[in-house]
1. Kindly list the number of the only condition in (1) among the aliphatic types (A, V, I, L, M); (2) away from every other protein chain (no Cβ under 11 Å); (3) under 17 Å from residue B:316 (Cα atoms) that fails for residue A:127.
2. Could you tell me which of the residues A:306, A:269, A:244 is away from ligand 2 (no atom under 11 Å from the Cβ), closer than 17 Å to residue A:42 by Cα and open to solvent by 80 Å² or more (accessible area, probe 1.4 Å)?
3. Only one residue in B:211, B:232, B:219 is at pLDDT 90 or above, more than 14 Å from chain A (Cβ to nearest Cβ) and under 30 Å from residue A:168 (Cα atoms). Which one?
4. Has region A:90-102 got any residue that is modelled with pLDDT of 95 or more, more than 16 Å from ligand 3 (Cβ to nearest atom) and open to solvent by less than 10 Å² (accessible area, probe 1.4 Å)?
5. With B:318, B:303, B:278 as the choices, which residue is of a type in the set (Val, Ile, Thr) and within 14 Å of another protein chain (Cβ to nearest Cβ)?
6. With the requirement that a residue be in a loop (DSSP other than H, G, I, E, B) and at pLDDT 90 or above, what does region A:309-320 give you?
7. Only one residue in A:194, A:185, A:200 is over 30 Å from residue A:13 (Cβ atoms) and within 16 Å of ligand 3 (Cβ to nearest atom), so which one is that?
Amino acid sequence: MTPVLEVADLRTHFLTRAGVVKAVDGVSFALGRGEILGLVGESGSGKTVTGFSLIGLVDPPGRIVGGSIRLEGRELVGLSQPELRRIRGREIAMIFQDPIATLNPLLTIGQQMEMALRAHQRVSPRAAAARSAQLLEQVGIPSAAERLRAYPHQFSGGMRQRVAIAIALLHQPRVIIADEPTTALDVSIQAQILHRMRALARETGTAMVWISHDLAVVSSLASRLLVMYAGRLVEEGPTAEVLRHPRHPYTAGLIASLPAMAPPGAPLRQIPGSTPSLMSLPPGCPFRPRCARASAACAQMPPLARAGARAWACHRPEEA
Amino acid sequence: MLGFVIQRFLQAVLVMVAMSVIVFAGVHAVGNPVDIVIPPDATQDIREEAIRRLGLDRPLWEQYLIFAGNLLEGDFGRSFVYNVPVLELIAGRLPATLELVLISVISATILGVALGVYAGYRPEGWLARTIMAVSVLGFSVPSFWVGLILILTFAVSLGWLPAGGRGETVEILGVPWSFVTLDGLAHIVLPAVNLALFKLAMMIRLARAGTREIMLTDTIKFARAAGIPEGTILRRHLLKLISIPIITVFGLELGSTLAFAVVTETIFSWPGVGKLIIDSIAVLDRPVMVAYLILVAFLFVSINFVIDLLFALIDPRIRARRTA
Ligand SMILES: Nc1ncnc2c1ncn2[C@@H]1O[C@H](COP(=O)(O)OP(=O)(O)O)[C@@H](O)[C@H]1O
Ligand code: SF4
Ligand SMILES: [Mg+2]
């Protein structure tokens, strides 16, 4: 089966006055139809920039400087903004981390959904309201038809995120990029939304790239994991396999620092050090300063090694 | 919401009462009009007779009560100098100021918001830089100087536009207006441009700052991620989101320009209320000064009231806070 989204060697750099920030530097992956793919990594590793690159909305001074993004075989890199606009929201949609900031506080939910519908099709106000109410119901908002007249401030954070999800689903896109959509929410609401998203993906056949810094969240949802570090992919594989036998020391560190992994009462085992600045990465493996397994060979950039469904970028991977 | 309207209305009434006392006492402190109204060679009898006729012999609080009572009946008193009802005097001058100020403030706002939004939307372009240079100029050059340059250039050297007066007027509802005739419009152009320049500069800044801030928010990013066209984003999201500071400044500018357009009115011999009040101050025509200041206070109170209502209309959160 051909993948719905194919990303090859994507590079997105910010050409700032202080220097070039290589926020995304050679990311490749494929997303199958209806698949949920998890993208994890510490904050600052380039996950959000990857997401915005996929929908062609990188803020200046950022720019996609290389690579390819194919949506249903169609190349997106190099398309003009008007061409990308016709694709955004219709074939590929995105939801953001902070549901308080995404909706316009001065417009009703109905007005905002109608605007999103009108972006890609001609609809009467009545049809727009009907379709919007239907979507709100699907994402689990009760008495949806009345809620169309409400303003965002009348909703809780979780409800607002559901509205954002409903907007993303309006045109039944092939792919949804979900950038930490539950990070700002309570754990119980987070669980409800995860559950709902999994069901929706199954019903509608929409594929998802689920971005999170929280490995626990992603693992509960995604069938496959991508692990990102300093703008690069360092590990890829089916979720269960990666969790059981991580190959990259960074992935191993992420797993070891999961709360569920710590013996009761013991402190969490954090990876020492922090994400490096992406402005001036030293040559060689970017994880080297924090890696317990580093050796002389690690002064060279490790290539991505593949074996079956697994891949890792490390000279001295953990035992399989 | 109705409770809020009533509450604000009562507040406005209180402010007006306070203002009338302050204005009355203040103007009383400024000087004694008797010295100016009555010829210096008048006999003591004539003096005392005049003082009695003007009611100036009574205690101040009594003068105020009489004045306030008359105000409530719509009687603002008679001008000491022209000996006509003050209201008539001001009403005769108000349309000239009104049309001049409305034309300049409204066009400065529309043009300023359009240019400012553009400059904030494409901040790196040469056009944006030109717009900002113009706005710096509008801020830093004194208004009277611009007025004189405008007259020198367009009236004296080029002879394209008249230098002063209202030109041909047409009566609508018994009031003369210039803006309905071509000649009248030609007369309005220079003073309106003169008045508008500073406001234009301010609106450009305000709209640009708001646009730059809003365009970086997740609200705009999310709209773009949904594929909403840029034009729709600017019209439906941006304009609404930057409107509150713009409406505030619009109201304040409208009020202060209506009240104090005097520099421009003087330079362009525009027969508006600004000139009237300056003349009245010069001769201490007390009823005119008092009535004028009270009208100005009334103007500001009304504009504030309307602005508050507009806020509630635009922002549902303000509406909610007020019903709560
Ligand atoms: N507008 C920008 N200008 C310069 N650098 C940026 C900009 N946006 C993001 N970056 C850089 O890109 C890197 C990755 O950021 P991001 O994708 O937001 O990380 P994540 O989502 O994984 O936390 C960060 O180190 C940040 O410094
Ligand atoms: S390449 Fe070397 S430094 Fe990098 S993760 Fe592997 S072992 Fe550690
Ligand atoms: Mg992020």
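The values are calculated or read from the model by the stated rules, or taken from the named source; none is laboratory data. The model shown is predicted, which means the values in this text are computed figures rather than measured ones. For neighbour counting, all protein chains shown are included, and Cβ atoms are generated from backbone atoms with ideal geometry for every residue, glycine included. Areas reflect the complete protein model, heavy atoms only, side chains present, ligands, DNA and RNA absent. Shrake-Rupley method; radii C 1.70, N 1.55, O 1.52, S 1.80 Å.
1. Among (1) among the aliphatic types (A, V, I, L, M); (2) away from every other protein chain (no Cβ under 11 Å); (3) under 17 Å from residue B:316 (Cα atoms), the lone unmet condition for residue A:127 is (3).
2. The match here is A:269.
3. On the way: B:232 fails: more than 14 Å from chain A (Cβ to nearest Cβ); B:219 fails: more than 14 Å from chain A (Cβ to nearest Cβ).
One residue alone meets the criteria, B:211.
4. Within region A:90-102, one or more residues are modelled with pLDDT of 95 or more, more than 16 Å from ligand 3 (Cβ to nearest atom) and open to solvent by less than 10 Å² (accessible area, probe 1.4 Å).
5. On the way: B:303 fails: within 14 Å of another protein chain (Cβ to nearest Cβ); B:278 fails: within 14 Å of another protein chain (Cβ to nearest Cβ).
After applying the criteria, what remains is B:318.
6. A:309, A:313, A:314, A:315, A:316, A:317
7. Working: A:194 fails: within 16 Å of ligand 3 (Cβ to nearest atom); A:200 fails: within 16 Å of ligand 3 (Cβ to nearest atom).
Only one candidate qualifies: A:185.
Residue-wise test of (1) within 14 Å of another protein chain (Cβ to nearest Cβ); (2) farther than 24 Å from residue B:128 by Cβ; (3) aliphatic (A, V, I, L, M).
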{"site": "B:185", "(1), (2), (3)": "no, yes, yes"}
{"site": "B:194", "(1), (2), (3)": "no, yes, no"}
{"site": "B:201", "(1), (2), (3)": "no, no, yes"}
{"site": "B:206", "(1), (2), (3)": "no, no, yes"}
{"site": "B:215", "(1), (2), (3)": "yes, no, yes"}
{"site": "B:251", "(1), (2), (3)": "no, yes, no"}
